[in-house]
Amino acid sequence: MRYLSAFEPSVEYELMSIFRRTDLLARERLRFTAVYLNVKHRVSIPALSQQLSVNSMTIHGWFNLYESAGLQALFDEPRIGRVGSLEAYDESLILALVASHPQNLAQVVALLREQHQIETKPDILRRYLKKRLDLAKD
C-alpha cells in the first residue's frame, strides 16, 4: 500500500484553507480530498479509487504530483485555449479588406495572414461579419 508522509503543520493549515475556497474546481477538490484522506485517515489507493470514482492510476499520478511539488501542483494549470476570434483586431482594417474583396473571403483571409500576421479561417471571418451585420441592425 502507498501512503503519503504526514503533513507538516503549515501544509495541513494550507490544505484546510484550500478546502474553504469557493472557487475550487470539482476536479481539484477531488485531488486534495484524495491526498487528505490518504495522509490523515490512511485510506488506501484502491479504496480512494472506489470512493471517489477515479481510476487508481490517476490517484497515483496525483500523489506523484503532490510528492514532487506540494499542494500547489494539485491545482489545474492555466490552459492555452483557442486563439481569440477577430474581435481583438482593428475592425476598420478587416472591413476594408472585405470591401476590397467582397466575393472572396479566402482571399481576405490570405491577405490578413500575409500582410497583417492575423491567423483566421473563412468560416471565422464569415461569423465575424455576420455578427457585425446583426449588431448594425439593432
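General remarks:
- Between the listed residues VAL54, LEU129, VAL108, the Cα displaced farthest toward the positive end of the dipole of the chain, a dipole computed from Cβ unit charges relative to the Cα centre, is found at VAL54.
- Helix 9-19 axis versus longest C-alpha principal axis of the chain: approximately 50°, rounded to the nearest ten.
- Our estimate of slack between SER100 and LYS40, defined as 0.36 nm per intervening residue step minus the Cα-Cα distance, is 14.8 nm.
- Ranked from largest, the principal axis spans of the Cα set of region 86-132 equal 24, 24, 18 Å.
- The charge dipole of region 86-132, taken about its Cα centre with unit charges on the Cβ of Lys, Arg, Asp and Glu (plus for the first two, minus for the last two), comes to roughly 260 debye.
- Magnitude of the charge dipole for region 1-110, about its Cα centre and with charges confined to Cβ atoms of Lys, Arg (+1) and Asp, Glu (-1), is about 600 debye.
- Charge tally for HIS60 (other residues, Cβ to Cβ under 14 Å; Lys, Arg +1; Asp, Glu -1): +1.
- With 0.36 nm allotted per residue and the present C-alpha distance subtracted, the MET57-GLU12 stretch has 13.8 nm of extension available.
- Annotation: aspartates and glutamates with alpha-carbon distance below 15 angstrom to LYS121 (same-chain offsets under eight excluded): GLU87.
- Near LEU105, once Lys and Arg are set to +1 and Asp and Glu to -1 for all other residues with Cβ below 13 Å from its Cβ, the sum equals +4.
- Within the listed set LEU97, LEU74, LEU48, the Gaussian network model of the chain (springs between alpha-carbon atoms below 10 Å) gives the highest mean-square fluctuation for LEU97.
- Projected-area mean, the chain, by convex hull of Cα positions, square nanometres: 13.6 nm²
- Value at 222 nm in deg cm²/dmol, rounded to 500, when DSSP H runs of n ≥ 4 in the chain each add -39,500 (n - 2.57): -20000 deg cm²/dmol
Read-outs throughout are calculated quantities, based only on the coordinates presented, and are distinct from any laboratory measurement. These numbers come from a predicted model, not from an experiment. Every residue, glycine as well, gets a Cβ built from its backbone with ideal geometry; the counts of neighbours run over all protein chains shown.
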